[in-house]
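The values are calculated or read from the model by the stated rules, or taken from the named source; none is laboratory data. Since this is a predicted model, take the numbers as computed values, not measurements. Quick reminder, even Gly has a Cβ in these numbers, built from the backbone with ideal geometry, and neighbours come from all protein chains shown. All accessible areas refer to the heavy atoms of the entire protein, side chains included, with ligands and DNA or RNA removed. Shrake-Rupley method; radii C 1.70, N 1.55, O 1.52, S 1.80 Å.
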Amino acid sequence: MTWILVLSAGVGLGLWALAVWLWPPRPALATLVATVRADAGTRRPPLMATEGEEHAAGGWATRLGRPMVPALRALGFPRPGLARDLAITGRTTEAHLADQAALALAGLLLPAASASLATLGGSPPSWVLPAGAALALALAGFLLPEISLRAEAARRRAAIRHALSAYLDLVHILLAGGSGVLGALHDAADLSDSWAFRHLRSALTTAELTRSSPWEMLGELGEELGVSELAELGAALSLAGTEGAKVRASLAAKAAALRARATSEAEAAATAANERTAFPTSLMALAFVLFIVYAAMGHISSSL
């Protein structure tokens, strides 16, 4: 009976950890206000808009896994390749590692549910199956935040590329209307309040406050986010600022290249979606043929 109580407590803890990670509670208004006031005194504003501030504040899953963060850091986590993905999604390293630890713990404890039910039914299972399932689920729970992080980073990079194409068109129009390079960059960034435009506006504001060139900040933003198009844009504008290149022609060519890439990616995604929809149809047709053949073979075998 004691063993059943221990397993039941472990199941409850694992289910609770999984639930609070999937549906984290919203941070209190006082916490958000305190965070804004604490960041107000920084000398240099961040290049990236911190949309993941609720993750940094920490939900119950993050708080549950936070004591295990130093151990994961000592083991070399997170991997170096995740730094840009964390930056573009606005998540902190501590929150990411805490989520990984919490989900791994939930996966480690969830197999105790089946063992508890089997024990209550009078047929306790061997320890091999629950132990193997616990290790497999713990590994899956540890990798799930990383997989979701990479998917979200890919979506945000695609959104930045689409927004950058529109931004370059706006800058090109403003330059054609007689605006200067710096004025056109700032005015175009102020025309939208989308997530990608806030990143661009933050980089330009940082350049203005730190008395550095805006193209240098755009290139640095591209390096931090892993968006090569932003880095190339920063290099092109730097060349225009130092050697007098044709800014309008360069921006128009860059915008056309971004639109062509977006079109090719959309066509590839549509082709992949068509292939995915054709597979279930083919599987259903194969099952229907097998059903007919099975009935015919059954009729033939019964008549012999």
Point to revise | Which listed residue, of Leu103, Leu108, Leu117, Leu135, is within 30 Å of Leu225 (Cβ to Cβ), part of a helix (DSSP H, G or I) and not aromatic (Phe, Trp, Tyr) | key: Leu103
Exercise for review: Might you let me know whether the stretch 268-283 holds any residue that is touching a residue at least 12 places away in the same chain (Cβ under 8 Å), of a type in the set (Lys, Arg) and part of a helix (DSSP H, G or I)?
Suggested key: no
Practice item. Please enumerate the residues belonging to the stretch 148-160 that are open to solvent by 50 Å² or more (accessible area, probe 1.4 Å) and of a type in the set (Lys, Arg). Key: Arg150, Arg155
Check your understanding: With Gly141, Gly132, Gly177 as the choices, which residue is under 30 Å from Asp99 (Cα atoms), surrounded by fewer than 16 Cβ atoms within 10 Å (Cβ to Cβ) and either in contact with a Leu (Cβ under 7 Å, 6 or more places away or on another chain) or of a type outside the set (A, V, I, L, M, F, W, C) (or both)?
Key -> Gly132
Check your understanding: Out of all the residues in the stretch 258-269, is one or more farther than 19 Å from Ile160 by Cβ and either open to solvent by 70 Å² or more (accessible area, probe 1.4 Å) or within 34 Å of the chain's Cα centre (by Cα) (or both)?
Key -> yes
Revision key, fill the gap. Note on the stretch 190-230: residues open to solvent by less than 50 Å² (accessible area, probe 1.4 Å), farther than 28 Å from Leu82 by Cβ and not in a loop (DSSP other than H, G, I, E, B) are Pro214
